[in-house]
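Novice: First, the structure itself, so that you have it in front of you.
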Ligand code: NDP
């Protein structure tokens with residue numbers, strides 16, 4: 001079988017040479033384990049953090065070892081009661097063609113309801129991040145003015161659409177290209193801007209229309225975006241700190257220091273709530289989310305956007321391209 005290994009740790013932006021696509025032997029199955037042939041694998045921004053040798057909420061990837069990540073695959077062989085060949089499961093050993101893992105670490109999914117890739121996006125961890133971050137962390141309520149950054153991405157595109165469905169009075173998104181801005185308006189965002197076009201602070205102000213400020217900021221980006229949002233938040237505004245992708249590929253050794261926010265003190269007088277979260281801590285809302293989403297997806301009221309790259313050998317490049325903004329919606333690799 002073939003798999004991606006971490007050949008070296010990226011300094012700043014990852015490059016192709018940081019990854020090695022290698023042949024590997026599959027281990028024999030122990031009691032309780034399954035052999036899975038992957039159908040789709042995920043590349044996600046958080047994986048960039050795991051490529052650094054630092055302590056975090058997930059352990060770092062090890063040099064010369066296979067990378068890991070979300071995947072959906074078909075069971076080829078099973079030594080676990082309750083799991084049969086032909087079952088399809090979502091699990092954590094992506095970046096490879098085949099995986100051997102305990103059946104307990106895999107969850108069955110139904111491909112008659114949705115394609116494999118959807119379980120890595122809207123129906124998976126990505127979708128729950130959007131839902132839990134908006135409703136449970138930022139405590140969104142109808143009538144709120146919402147701003148989401150990284151809005152054309154996997155999480156962001158769902159945040160904006162969910163907010164709209166639940167009665168936001170205005171949803172504003174930022175993204176990195178005119179095509180993405182057009183896409184956001186198509187998805188029902190009330191206003192959208194390209195953050196490359198000028199200071200986020202000015203563009204956010206213009207996007208407010210008649211509104212005095214924003215009530216909720218869903219932060220995927222950090223840095224200048226977070227600073228601009230803090231300035232634009234109404235009293236008692238809420239921020240869900242989901243990600244800070246503008247900071248992930250900085251290389252302080254070459255003079256690229258982290259940036260912003262410099263105006264955090266405004267949070268005191270405005271009595272803002274600014275809360276970081278990890279989706280894994282909100283797993284108890286997975287069923288609630290699935291019940292919320294299914295009818296909206298079926299009715300075409302929420303669109304599950306994906307950028308699909310074909311071929312396991314293209315996983316590392318898809319990861320690099322995703323960090324650079326090549327994707328709209330969820331970046332996934334299909335192994336068909
Ligand atoms: P996306 O689909 O949004 O892909 C990443 C996007 O980030 C790119 O498409 C690019 O779009 C944008 N981007 C890259 N660099 C910058 C930059 N310097 N400034 C602004 N935007 C940039 O990924 P996800 O939806 O999977 O993840 C979005 C965020 O949510 C990430 O920060 C991620 O770490 C976080 N996350 C957090 C979780 C949690 O549990 N807390 C769980 C899942 C995700 P563009 O063209 O617009 O620049």
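The values are calculated or read from the model by the stated rules, or taken from the named source; none is laboratory data. The model shown is predicted, which means the values in this text are computed figures rather than measured ones. Counting neighbours? That spans all protein chains shown, and the Cβs are built from the backbone with ideal geometry, glycine included.
Novice: Check residue 113 against each of (1) touching a strand residue (DSSP E or B) at 6+ places or on another chain (Cβ under 9 Å); (2) away from the ligand (no atom under 15 Å from the Cβ); (3) not assigned by TED's automatic domain parsing to the domain that holds residue 218 and name the one condition it does not meet.
Specialist: (1)
Novice: To continue, here is another question. Would you point out which residue out of 216, 221 is in the same structural domain as residue 271 (by TED's automatic domain parsing), farther than 29 Å from residue 299 by Cα and buried (at least 16 other Cβ atoms within 10 Å of the Cβ)?
Specialist: Details: 216 fails: farther than 29 Å from residue 299 by Cα.
From the options 216, 221, the qualifying one is 221.
Novice: Among the residues of the range 176-206, write down those that are part of a loop (DSSP other than H, G, I, E, B), away from the ligand (no atom under 14 Å from the Cβ) and in contact with a strand residue (DSSP E or B) (Cβ under 6 Å, 6 or more places away or on another chain).
Specialist: 190 - this is the single residue of the range 176-206 that is part of a loop (DSSP other than H, G, I, E, B), away from the ligand (no atom under 14 Å from the Cβ) and in contact with a strand residue (DSSP E or B) (Cβ under 6 Å, 6 or more places away or on another chain).
Novice: May I pose another question? For the range 265-330, which fully contained helices (runs of 4 or more DSSP H) count at least 1 residues that are farther than 23 Å from residue 45 by Cα? Step through it out loud before you land on a result.
Specialist: On the way: elements: 266-269, 286-298, 315-323.
Qualifying helices (runs of 4 or more DSSP H): 266-269, 286-298.
Quick grid of which residues meet (1) in contact with a strand residue (DSSP E or B) (Cβ under 6 Å, 6 or more places away or on another chain); (2) within 11 Å of the ligand (Cβ to nearest atom):
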{"position": "219", "(1), (2)": "yes, yes"}
{"position": "224", "(1), (2)": "no, yes"}
{"position": "280", "(1), (2)": "no, yes"}
{"position": "294", "(1), (2)": "no, no"}
{"position": "314", "(1), (2)": "no, no"}
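Novice: Here's a follow-up. Show the residue pairs meeting these rules: Cβ distance below 6 Å; 6+ apart or different chains; first residue within the range 171-187 and not assigned by TED's automatic domain parsing to the domain that holds residue 140; second residue within 10 Å of the ligand (Cβ to nearest atom).
Specialist: Close Cβ pairs satisfying both conditions: none exist.
Novice: Report those strands (runs of 3 or more DSSP E) wholly inside the range 1-96 carrying at least 3 residues which are in contact with a helix residue (DSSP H, G or I) (Cβ under 8 Å, 6 or more places away or on another chain).
Specialist: On the way: elements: 2-6, 19-23, 33-42, 71-78, 88-91.
Here the list reads 2-6, 33-42, 71-78, 88-91.
Novice: Can you give me the number of residues within the range 228-257 that are modelled with pLDDT under 95, within 25 Å of the chain's Cα centre (by Cα) and more than 12 Å from the ligand (Cβ to nearest atom)?
Specialist: Total satisfying the criteria: 3.
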